[in-house]
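Asker: Attaching a single structure in structure tokens format; questions to follow.
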Amino acid sequence: MFKKFIGILLLSSLSAGVLATSAQADAAKPGQSMTHMKTEKGISSTLEAAGIVLYVQGGATAAVMGDSISSADAQVVFHIPITGTKTGVEHVGSNVAIFNTTNNSQVLIKNPVIDLKKAVVNAVIPQVGTQPVALFTITNAKDLKAKVTNDRKAKLRTTTYDGVKLSLAPGVAATLVTALGLPAGALPEALAFASASVSLYSPIKK
């Protein structure tokens, strides 16, 4: 059941990305960033029976890696704009909505914040509460190494962390199951959901 649940989410997000009008991305600027999230292999091949729809609000795009979303090893890729902050990396402009078509229940994930130091991704889920909660756990935080690239012509430094592994944080699976009216145990705890890369842009000082 949980595979079908996740699959439907990804199919809907893909559709939203394909049907949306193409957007022009701004050039990278100091203080900004970009995150690139790729779902685990096999999740997208089991989409179609749970009746769950996921879509992105605010201009984020999605694409499929593989022959089609129904391929056994297909993966869905999200490109999400974010802005650097003192406490982490704040996602701006794109919220994520999860909709259960069988009972018209919805969960809205707002303002995800990637905190590399604390190894979590926090977000506000209005259907649950007004305070940010841990959505994902970064399971390989201790192994992450920064790759730094300097563009002296543009006076821009890019710090990239590749291979960030994201799993559902403790309690999130049960929260989503309850909020969406899914059968108990439909989504396992600590599900390995995706990998991501995070690029932070900062000025090169003279």
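Asker: Using label points projected 7 Å from each Cα along Cα→Cβ, tell me how many nm separate Lys41 and Lys86, to one decimal.
Answerer: Distance between the two pseudo-spin positions: 4.4 nm.
Asker: A further question follows. State the Cα centre-to-centre distance between the range 101-117 and the range 162-188 in whole Å.
Answerer: 11
Asker: What's the extension gain from Ala27 to Ser202 if we count 0.36 nm per residue and subtract their Cα-Cα distance? Can you show the working numbers first?
Answerer: Working: separation 175, 0.36 × 175 = 63.00 nm, distance 1.29 nm.
That works out to 61.7 nm of additional length.
Asker: Which entries in Lys110/Lys153; Lys145/Lys205; Lys38/Lys86 show an alpha-carbon gap greater than 30 Å?
Answerer: Details: Lys110/Lys153 36 Å; Lys145/Lys205 23 Å; Lys38/Lys86 26 Å.
Result: Lys110/Lys153 exceed 30 Å.
Asker: At q = 0.10 Å⁻¹, what is the base-10 log of I(q)/I(0) for the range 115-206 according to the Debye formula with one equal point scatterer per Cα and no solvent? Please give it to two decimals.
Answerer: Relative scattering, expressed as log10 I(q)/I(0), comes to -0.38.
Asker: Show the residues, 5+ positions off or on another chain, whose built amide H is closer than 5 Å to the amide H of Asn140.
Answerer: Lys165
Asker: With each pseudo-label sitting 7 Å past Cα toward Cβ, what's the Thr160-Ala192 distance in nm, one decimal?
Answerer: That separation, rounded to one decimal, is 2.3 nm.
Asker: Hey, another quick one. Which shape class, rounded, prolate or oblate, goes with the range 51-120 when its Cα gyration tensor gives a ≥ b ≥ c as root eigenvalues, a/c under 1.5 marks rounded, and past that a/b bigger than b/c marks prolate? It would help to have the intermediate numbers written out before the result.
Answerer: Numbers: a/c = 2.23, a/b = 1.39, b/c = 1.60.
Oblate, since a/c reaches 1.5 and b/c is not below a/b.
Values quoted throughout were computed directly from the atomic coordinates according to the rules given, and no laboratory measurement underlies them. No experiment lies behind these values; they were computed from the predicted model shown. Every residue, glycine as well, gets a Cβ built from its backbone with ideal geometry; the counts of neighbours run over all protein chains shown.
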